[in-house]
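K.L.:
I'd like to ask you about the structure that follows.
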Amino acid sequence: MTSVQGTALDIPTDDGVADAYLAHPADGVPRPGVLLYQDAFGLRPQLRAMADRLAEAGYAVLVPNLFYRHGRAPVMELPAFIDPAARPEIFETLYPLVLSLTPELIVRDSDAYLRWMEQSPLVAAGPVAVTGYCMGARLVLATAGAHPDRVAAAAGFHGSRLVTDAPDSPHLAAGRITAEVYFGHADDDPGLPPEQIERFEESLTAAGVRHTCEVYAGAPHGYTQADTSSYDEEASERHWAALLGLLKRNL
């Protein structure tokens, strides 16, 4: 198993400074870059552990605090284990922050994150991958669509609201994506009903995007997050296999 080093760092953006976590093999050799987008609970030990696991597989993984405009991570104190009873109070604080991330801000921030990766001596020259969870899956689409020359692989897991009737709906980025795309949907997810899943895949097919979309039977929304009651070990391991396969094919 590859020894991993994790580092806290700051990334200059057009709107301030985003705190972030970088995980990479401890040998210091430049490795292919992966930009990892958080779920709504934000940059915390669980996300750092996921970045470390990717780094063990040979990647340099950047996890920015997407809510940096509202403070450094954690923007609110979270319990070590997030159970259903804790969610209402947590989302009362976090949901406005999620809504504040407009497509314009997402693209602007992604410029800064990818620029930092391009300049880092720990990130190998060449294409990068983007993966995201829950709200982060939407950001994956925006980033891949805005940077088709940089993003070679794009993955999203238990994403929500991927298809809306708004003129800036996430799925409309499909026409600008050149990356190979993998999405692992949660089963019976109120944030992504079957009709949205169908429209989402139709948009990728119509745009000629190389893609795989799968519904993880029996897996709840949030199935990858081991610090929550939604965690599903079988589905999470399936996600790791799919993600690592995507990265191996494209980076």
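The values are calculated or read from the model by the stated rules, or taken from the named source; none is laboratory data. Quick caveat: nothing in here was measured; it's all calculated off a predicted structure. Ideal geometry is used to build each Cβ from the backbone, glycine not excepted, and the neighbour counts take in all protein chains shown. Remember, those area values only see protein heavy atoms, side chains included, never the ligands or the DNA or RNA. Shrake-Rupley method; radii C 1.70, N 1.55, O 1.52, S 1.80 Å.
K.L.:
Considering every residue within the stretch 187-196, establish whether at least one is farther than 13 Å from CYS134 by Cβ and open to solvent by less than 20 Å² (accessible area, probe 1.4 Å).
P.N.:
No.
K.L.:
Could you tell me which of the residues ARG53, ARG87 is more than 16 Å from the chain's Cα centre (by Cα), basic (Lys, Arg) and either under 21 Å from GLY159 (Cα atoms) or surrounded by 12 or more Cβ atoms within 10 Å (Cβ to Cβ) (or both)?
P.N.:
ARG87
K.L.:
To continue, here is another question. Being free of Cβ contacts under 8 Å to residues at least 60 places away in the same chain and crowded, with 24+ Cβ neighbours inside 10 Å is the filter; apply it to the stretch 171-180 and report the residue that is nearest to GLU195 (Cα to Cα).
P.N.:
Within the stretch 171-180, the first condition is being free of Cβ contacts under 8 Å to residues at least 60 places away in the same chain, and the residues that meet it are 171-178.
Filter again for crowded, with 24+ Cβ neighbours inside 10 Å, leaving 173, 177.
On the way: ALA173: 18, ILE177: 22 Å.
By that ranking, first place goes to ALA173.
K.L.:
Would the stretch 120-130 turn up any residue that is without any contact (Cβ under 8 Å) to a residue 12 or more places away in the chain and either over 19 Å from LEU204 (Cα atoms) or among the acidic types (Asp, Glu) (or both)? Steps first, please.
P.N.:
To start, the set of residues in the stretch 120-130 that are without any contact (Cβ under 8 Å) to a residue 12 or more places away in the chain comprises none.
No, the stretch 120-130 has no match at all.
K.L.:
Considering each residue of the stretch 161-191, count those that are assigned to a loop (DSSP other than H, G, I, E, B) and out of contact with any helix residue (DSSP H, G or I) (no Cβ under 7 Å at 6 or more places or on another chain), and give that number. Walk me through how you get there before you give the answer.
P.N.:
Initially, the stretch 161-191 is screened for residues assigned to a loop (DSSP other than H, G, I, E, B), giving 161-169, 177-179, 187-191.
Subset that is out of contact with any helix residue (DSSP H, G or I) (no Cβ under 7 Å at 6 or more places or on another chain): 164-167, 169, 178, 187-191.
Going through the stretch 161-191 one residue at a time, the tally reaches 11.
K.L.:
Which members of the stretch 140-152 meet the condition of being surrounded by fewer than 24 Cβ atoms within 10 Å (Cβ to Cβ) and touching a strand residue (DSSP E or B) at 6+ places or on another chain (Cβ under 7 Å)?
P.N.:
Within the stretch 140-152, ARG150, ALA152 qualify.
K.L.:
Scan the stretch 153-167 for residues that are open to solvent by less than 10 Å² (accessible area, probe 1.4 Å) and farther than 19 Å from ALA242 by Cβ and jot them down.
P.N.:
In the first step, residues of the stretch 153-167 are kept if they are open to solvent by less than 10 Å² (accessible area, probe 1.4 Å); the result is 153-159, 162-163.
VAL163, the sole residue that qualifies.
K.L.:
While we're on this one: Restricting to the stretch 48-72, name every residue that is more than 21 Å from GLY245 (Cβ to Cβ), in a helix (DSSP H, G or I) and touching a strand residue (DSSP E or B) at 6+ places or on another chain (Cβ under 7 Å).
P.N.:
ARG48, TYR68, ARG69
K.L.:
Additional query: Can you tell me which residue within the stretch 197-223, out of those that are more than 22 Å from GLU237 (Cβ to Cβ) and in a loop (DSSP other than H, G, I, E, B), is least open to solvent (accessible area, probe 1.4 Å)?
P.N.:
VAL209
K.L.:
Mind counting the residues in the stretch 1-56 that are modelled with pLDDT under 95 and hydroxyl-bearing (Ser, Thr, Tyr)? I'd like the intermediate steps shown before the answer.
P.N.:
Let us first name the residues in the stretch 1-56 that are modelled with pLDDT under 95, namely 1-2.
Filter once more, keeping what is hydroxyl-bearing (Ser, Thr, Tyr): 2.
Residues flagged as modelled with pLDDT under 95 and hydroxyl-bearing (Ser, Thr, Tyr) within the stretch 1-56 amount to 1.
K.L.:
Return the residues of the stretch 90-127 that are of a type in the set (Ser, Thr, Tyr), part of a helix (DSSP H, G or I) and open to solvent by 10 Å² or more (accessible area, probe 1.4 Å); say none if nothing qualifies.
P.N.:
THR93, TYR95, SER100
K.L.:
So, one more: What tally of residues in the stretch 14-39 results from selecting those that are surrounded by fewer than 19 Cβ atoms within 10 Å (Cβ to Cβ) and not charged (D, E, K, R)? Walk me through how you get there before you give the answer.
P.N.:
Taking the stretch 14-39 as the starting set, the residues that turn out to be surrounded by fewer than 19 Cβ atoms within 10 Å (Cβ to Cβ) are 14-17, 19, 26-30.
Narrowing the set further to residues that are not charged (D, E, K, R) leaves 16-17, 26, 28-30.
Total meeting the criteria: 6.
K.L.:
Does the stretch 128-139 contain any residue that is in contact with a Pro (Cβ under 7 Å, 6 or more places away or on another chain) and open to solvent by 20 Å² or more (accessible area, probe 1.4 Å)?
P.N.:
Checking the stretch 128-139: at least one residue is in contact with a Pro (Cβ under 7 Å, 6 or more places away or on another chain) and open to solvent by 20 Å² or more (accessible area, probe 1.4 Å).
K.L.:
What number of residues within the stretch 37-80 satisfy the criterion of being within 22 Å of GLY191 (Cα to Cα) and not polar (S, T, N, Q)?
P.N.:
Result for the stretch 37-80: 9.
K.L.:
Give the residues of the stretch 128-146 that are part of a strand (DSSP E or B) and in contact with a Ser or Thr (Cβ under 7 Å, 6 or more places away or on another chain), sorted by residue number.
P.N.:
The answer is VAL130, TYR133.
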